[in-house]
1. With respect to N89, determine if the residue is touching an Asp or Glu at 6+ places or on another chain (Cβ under 7 Å) and among the polar types (S, T, N, Q).
2. Residues in the stretch 40-60: is at least one assigned to a helix (DSSP H, G or I), aromatic (F, W, Y) and at pLDDT 95 or above?
3. Looking only at the stretch 364-374, how many residues end up being open to solvent by 80 Å² or more (accessible area, probe 1.4 Å) and more than 44 Å from the chain's Cα centre (by Cα)?
4. Do the conditions hold for Y119, that is, is it under 19 Å from the mean Cα position of the chain (by Cα), hydroxyl-bearing (S, T, Y) and farther than 19 Å from Y43 by Cα?
5. Quick check on the stretch 126-151: of everything there that is touching a strand residue (DSSP E or B) at 6+ places or on another chain (Cβ under 6 Å) and assigned to a loop (DSSP other than H, G, I, E, B), which residue is most open to solvent (accessible area, probe 1.4 Å)?
6. Just the residues that are outside any helix (DSSP H, G or I) and either modelled with pLDDT under 75 or polar (S, T, N, Q) (or both), please, taken from the stretch 384-394.
7. Could you figure out which of (1) farther than 26 Å from K329 by Cα; (2) among the charged types (D, E, K, R); (3) free of Cβ contacts under 8 Å to residues at least 60 places away in the same chain isn't true of K39?
8. Could you check the stretch 280-383 for helices (runs of 4 or more DSSP H) lying wholly inside it with 2 or more residues that are under 30 Å from A398 (Cβ atoms), at pLDDT 75 or above and among the β-branched types (V, I, T)?
Amino acid sequence: MDSAFEDEAEHTVSIQEYLKDVEDQELEADLVLGGDEGKECTYNNGYMKRQAIFSCLTCTPDGNAGVCTACSLSCHDGHEIVELWTKRNFRCDCGNSKFGEFFCKLFPNKDVENVENSYNHNFKGSYCTCGRPYPDPDVEDQVEMIQCCVCEDWFHEEHIGLDSSDEIPRDEEGEPLYEDFICKGCSVICSFLRLYSQTILAAGSQKDSSVNTGKDKEVLGDVTLACGSGKLENNISEPVSGGEGLLLGENSGKNIGSDRCTTDDNSQVTCVLGVNLVDASPVLECKPLFLSKNWRDALCRCEKCSEFYEQKHIRFLLDKEDTIMEYEKMAKQKREEKLQQQEGAELTMLDKLGHVEKIEILNGIADMKDELRSFLESFDTSKAITSDDVHQVFENLAKKRRRVE
């Protein structure tokens, strides 16, 4: 019986714990929203590099539209909303043709459709290859998911295509040792990253692909595809593997992370890979990739590699501002600026007050400190502070104020 009463006892926290919890929740919200206060529709900002996006299943049950933070609050309050965290290169859809007769309250003058927006099953509230929602109502203990930095879908660890979750690079405390993750499906077009394996693949995550090195920069012979079979064609739609048939250029044996695209005597940019990705389009291995910190800095930026990124629609990999880390860094800066502005506004308000008003505020603060001190000195520390105790403190302050008046 005693244990039953203990279970039903009200959970108590200290003031410091409560304030810390509030601060942590505010910081988490700012990191997700990118410091967006949700007051204005972001449509006029165009296709933003990254922003928080929401899907309204009440208005668009097919999951073919996304709205910004402000519209989710002002235009879709009370609707069935799916929080998508962040999406890249996205423009707010609220009130366009996909919403029928519904108009945006904040900025109704929108194009019929945002043709550059991309949508996946996340907009329907489904995630991973299993297509389950998050949180999953059929699962008691929710597990964290990993987001692919290319398709931006979220995956359960057991569904990312590894033999064991032990293959995911983590430290002894279970914290990730990788900066970005690329899912098995996206690894088909991003498998060329394994050519940088000495520097950009997170330690302990995957074995290096075996490739031959040589002075020839052409891919020779018939090869077996990593995810199928076929012959080499000089066409990006025919990927080839990095088996024995793939001969990399003379730069391939180097530690690529220490190199950058350089200029030779003829002012021609030299590819650090030494292989024409446009012609070869190698598929080394169809396995998920875990990428180490600052891995984007190691990517070759020569003309041919840049052309390859464009053709595969992955040029954003070169943009450091595309990363979640940079997005959260920007959000923290905005939060600090906002807090500084609030502190400045409070000081400005006090400066504008007259002498009498300032004295009244100071007296009010002194009364509050005295009442709290009196309460704490007389309070039984073996007991928990209840809401009635708090109400009594403020009631005593109000009585004192009335006596003064």
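The values are calculated or read from the model by the stated rules, or taken from the named source; none is laboratory data. This one's a predicted model, so the numbers in the text were calculated from it and none came from an experiment. Cβ coordinates were reconstructed from backbone atoms using ideal geometry, including for glycine residues, and neighbour counts include every protein chain displayed. Ligands, DNA and RNA are excluded from the accessible area calculation, which covers all protein heavy atoms including side chains. Shrake-Rupley method; radii C 1.70, N 1.55, O 1.52, S 1.80 Å.
1. Yes: the conditions hold for N89.
2. The first filter runs over the stretch 40-60 and keeps only residues assigned to a helix (DSSP H, G or I), leaving 43-45.
Then drop every residue that is not aromatic (F, W, Y), which leaves 43.
Keeping just the survivors that are at pLDDT 95 or above gives 43.
Yes, some residue in the stretch 40-60 is assigned to a helix (DSSP H, G or I), aromatic (F, W, Y) and at pLDDT 95 or above.
3. The initial filter retains those residues of the stretch 364-374 that are open to solvent by 80 Å² or more (accessible area, probe 1.4 Å), namely 365, 369, 373.
Now drop any that are not more than 44 Å from the chain's Cα centre (by Cα), which leaves 373.
Looking only at that region, the number is 1.
4. On the way: under 19 Å from the mean Cα position of the chain (by Cα): yes; hydroxyl-bearing (S, T, Y): yes; farther than 19 Å from Y43 by Cα: no.
Taking the combined requirement at face value, the residue does not satisfy it.
5. Of everything passing the filter in the stretch 126-151, Y134 is most open to solvent (accessible area, probe 1.4 Å).
6. Start the filter on the stretch 384-394 by keeping residues that are outside any helix (DSSP H, G or I), which leaves 384-386.
Within the stretch 384-394, T386 is the sole residue that qualifies.
7. (1)
8. On the way: elements: 303-311, 324-352, 355-378.
Correct list: 355-378.
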